[in-house]
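This report concerns only the one structure given below.
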Amino acid sequence: MCNTFSKLAVGSAEKRAFVENACRESTASPQPKSKRQEESSSSSLCLIDDFVKRLQQLNLAYDAATARLTELASLNDNKKKKLHLVLDLDHTLIHSTLVSDFSIKEKYLLEEDDSRLDLWRCNEYMIKLRPFVHEFLLEAKKLDILFTMHVYTMGSSSYVKMVLMWIDPDKVYFRNRVITREASPYYKTLHLVKADKRRVVIVDDTIDVWPYHQRNLLQITRYKYFRDAGTMSESYAEAKKDESRRKGSLAYVLKFLKHVHKRFEEELDCKDLRPLIPAPCTQCCF
Ligand SMILES: [Mg+2]
C-alpha cells in the first residue's frame, strides 16, 4: 500500500502509466492473494479434499460391508436351504383408509370396530385385515424352517409400527425384518433384504415398485375393502361382504409357497426358486 501511494505521488506520466497498468491488471486477472489468504484458502481446500476422500472411503466401506453381509446371508441360506418371503402391507395384507374418507354407506363401520377382530381403528385411520391373513401367517410360520418372513412397504415407519402392533404384536412373524419408506423411498429392491436373491418370493399387489426383481415377484390381487375416491363401483364395506377366505388370493399364495417349499425339500439340487414363479403377465393375479 505504501508503495502504491509513493508511486501515485510521483509525476503525472508515471501516475497515468501506473493507473493504466492497475486497470489492466484488475480486468485481466484477479488480484493476487496475500500469502495469508493463500494459506487459508489452501488449507480450506485441503479440508474439503480430506472430507470428500473420507466420504468416499466411508461409501466404499459401506458397500463392502453390505456386499459381505449379503454374501454371508447367501452362504447361510445355501447351508440351511433357507427361503425368504417378502410381504407388502397395503392392499396385500390390509386395506386402510382415513375415517374422514368413508362414504355414507360405510359409516356403520364406526360402530363395529370394537366388536370385530378384522377391523381396527387407530387415530384417524380404519384398518381392515384381508381375510385369511392370520391363517396365512400362521401357516407360513410353520414353514419357517425354510421361510423367513419380511415386511417391505412404502408406508412410513410410524404407520407400519402401528399396523404391526396389531398384526404381529409379539414380533413372532417379522421380528425386526421390516423395511419402510424411510429406507426405500422411490422403489423397492432386494438389495435391502439380507438374503440370497435366488431364494426370495415377493408377494405384492404392485409390479412397478419392483423394477429390478420381477422374477421374484408373485403379484397378488389388490385388496380393496373401502371405497376408493373416484371409484364408481360399490366397495366390499358398502356391500357388507368380503373376499373369500378359503378361495381368496392369500389362500392361493399359501398353496404356491407350500409347493415351492416341497420342491426345495425334495430336490437337493434345487437352488433357485425363481423359475417356479410364473411371469407377471401370465399370473392373472393370485
Ligand atoms: Mg401395496
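Structural remarks
- Where the Cα pairs of the range 127-286 fall when distances are cut into 10 Å bins, in %: 9, 35, 41, 13, 2, 0
- Legend: ranking of residues 203, 260, 52, 178 from fewest to most surrounding C-beta atoms inside 10 Å; resulting order 52, 178, 260, 203.
- In the structure shown, the pairs 224/258; 128/247; 107/224; 128/262; 241/262; 141/247 are assessed against 28 Å; a Cα-Cα span above that value is assigned to 128/262; 241/262.
- Rounded to 5, percent antiparallel among DSSP beta bridges of the range 81-283: 40
- If R0 is taken as 51 Å, the Cβ-Cβ distance between residue 119 and residue 52 corresponds to a FRET efficiency of 0.45.
- Here is the list for the range 172-218: chymotrypsin sites (Phe, Trp or Tyr not before Pro) lying in DSSP coil, each with at most 10 other C-beta atoms within 10 angstrom of its C-beta, are 186.
- Taking N as its residue count, the alpha carbon Rg of the range 186-262 over 2.2 N^0.38 Å: 1.36
- Going from the residue with the fewest nearby Cβ atoms within 10 Å to the one with the most, 193, 86 rank 193, 86.
- Computed label-point distance, nm, for sites residue 181 and residue 239 using a 7 Å Cα→Cβ extension: 3.0
- Where labels lie 7 Å past Cα in the beta-carbon direction, separation of residue 158 and residue 142 in nm: 4.0
Computed from the coordinates by the stated procedures, all read-outs in this text should not be read as laboratory data. Note that the structure is a prediction, hence the values are computed from the model and not measured. No Cβ is skipped: glycine too gets one built from the backbone with ideal geometry, and neighbour counts run over all protein chains shown.
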